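The values are calculated or read from the model by the stated rules, or taken from the named source; none is laboratory data. Note that the coordinates shown come from a computational prediction; the quantities given were computed from them, not determined experimentally. Cβ placement follows ideal geometry from the backbone for every residue including glycine, while neighbour counts extend to all protein chains displayed. Areas reflect the complete protein model, heavy atoms only, side chains present, ligands, DNA and RNA absent. Shrake-Rupley method; radii C 1.70, N 1.55, O 1.52, S 1.80 Å.
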Amino acid sequence: MEYKPLRVIISGGGTGGHIFPAISIANKLKELNPETEILFVGAEGKMEMEKVPAAGYKITGLPIVGLQRQLNLRNIVNDLKVPFKVLSSIRKARRILKEFKPQVAVGVGGYASAPLLMAATRMHIPSVIQEQNGFAGLTNKKLGDKVQSICVAYEGMERFFPADKIVMTGNPIRSVFVPCTPEMKEAGVREYGLDPAKKHIFIVGGSLGSSKFNKSVCAWISEGCPGAEGVDVLWQCGKYYKEGIDAFMKEQTRKNPDLPSTVHHSDFIGRMELAYAAADVVISRSGASSVSELCAARKAVIFIPSPNVAEDHQTHNAMALVNKDAAMIVKDADAMEKMMSTALELLKDPGRIATLEENAGKMALPDAAQKIADEIYKLV
């Protein structure tokens, strides 16, 4: 295929799960032809307005807001504004499209992508949806009939979209996520100051951390870290929780001076691929990007789906692996009781770990960004 320079508009955002795949698609398009021009469209005040420029791309914001499901006065006022914000955003999206004149529009999900793709399809601009999750989001479901192509990462998406438009591509992730090697494991152990003679658990509740994960680890530490003999724990607690966790660890270390040699906590893990490589078992939320990264790294993982997401899509993501014996699952409601004990029990079963790693690797879909880029070029 000849990769001519294109003009591409990419819309969506609100969370890292939408933004980082979008940036991966943009990076691939620029790699295929550096003269390709890309404009991002996001929601004003959301994290894409910071993350996208940091990645080297232009972005413009729409005044769109999402519906809030929790019932309180603030959310009721927000939801009353939504129809007016949508109309205003569609009008602005039309102006952006007329000025930028894209050859193709790409939506990566989230309410920020709705006005742009609604305007693009009405203006007969070829359009692509990239659905990251195993349960399609509301925005993408509504747009499925109107776009030309729908790139997905899970089987069975005919429940949500026209079957003839679906293309199995996988989720675009950073190229650093590859099957872990012994050399990578050694590098990860060094990077995070772990004991190479021990087995390792890596706990990560998303880039901002997880209150439930943190409470579960703290409860386990307060009980004296039962089952931790010969085990190191690497724990990303999140920047919002760091101050409180620091104080907790300081107090617990007075009772147990050996604690810092067992539990290594940090607000943020920069080299995620090395943390995965160091780990024998990973405890993680099951956002789409995390699932794709862990499959690519071929890791044994215990998923604890977040209950605070639309349509419970993290459970659907996790179960896609659990049903193929490629991961384990613990309900968020059971995390306090079962999270650490399940991980420690799994560490004692290297055969089970090997099976999970092998099956997770089979579910990896490499080169997703390339496949999505090819789909974009086919439309153009």
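Structure notes:
- Three-way shape label, the range 297-374, alpha-carbon gyration tensor, a/c 1.5: oblate
- Accessible surface of the chain [probe 1.4 Å, protein heavy atoms]: carbon and sulfur percent: 53
- In degrees, nearest ten, helix 313-322 long axis to first principal axis of the chain (Cα): 60
- Debye-formula intensities of the chain, expressed as log10 I(q)/I(0) at q = 0.08, 0.09, 0.11, 0.13 Å⁻¹, are -0.43, -0.55, -0.80, -1.06 (one equal scatterer per alpha-carbon, no solvent).
- Computed on the chain, with alpha-carbon pairs under 8 angstrom and 6+ residues apart, the relative contact order is 16 percent.
- Angle in degrees between helix 113-122 and the longest Cα principal axis of the chain, rounded to the nearest 10: 30
- Modelled label reach - residue 187, point 7 Å along Cα→Cβ, the range 255-294 residues with backbone N closer than 13 Å: 271-278
- Rounded tilt (10° steps) of 368-379 against the dominant C-alpha axis of the chain: 10
- Think of a 1.4 Å ball rolled over the protein heavy atoms: the chain then has 46 Å² of accessible area per residue.
- Of 177, 248, the order by accessible heavy-atom surface (1.4 Å probe, DNA, RNA and ligands excluded), from most exposed downward, is 248, 177.
- Eligible aspartates and glutamates near residue 362 by straight Cα distance, threshold 14 Å, same-chain separation 8 or greater: 155, 293, 325
- Charge tally in the Cβ shell below 11 Å around residue 39, where Lys, Arg are +1 and Asp, Glu are -1, residue 39 excluded: +1
- Of the peptides 220-230, 249-259, 118-128, the ranking by mean beta-carbon count within 10 Å, highest at the top, reads 118-128, 220-230, 249-259.
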